[in-house]
């Protein structure tokens, strides 16, 4: 699995378009539950 390491005090913000199979959505749902901000998941198989 690829990872990105961010250093510094800048807050990250934005949107990410993720493509994948139905089995790939479970980690995305788990990550959205851990986020401090609102997450919107669309077109989940």
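Read-outs throughout are calculated quantities, based only on the coordinates presented, and are distinct from any laboratory measurement. Nothing here was measured: the structure is a model prediction, and the numbers come from that model. All Cβ positions, even for glycine, are placed from backbone atoms using ideal geometry, and neighbour counts span all protein chains on display.
Brief remarks follow.
- The modelled label-to-label distance between residue 43 and residue 18, using points 7 Å beyond Cα along the C-beta direction, is 1.5 nm.
- Neighbour counts of C-beta atoms inside 10 Å place 2, 38 in the sequence 2, 38, starting with the fewest.
- In the chain, helical runs assigned H by DSSP with n ≥ 4 each contribute -39500 (n - 2.57); averaged across all residues and rounded to the nearest 500, the mean residue ellipticity at 222 nm is -6500 deg cm²/dmol.
- Set against the labelled values (1) 39; (2) 30; (3) 42, percent of Cα pairs over 17 Å apart computed from this structure falls on (3).
- Angle between the chain longest axis and helix 25-34 axis [Cα atoms, degrees, rounded to 10]: 40
- Residue exposure sequence - 25, 6 - by fewest surrounding Cβ within 10 Å: 6, 25
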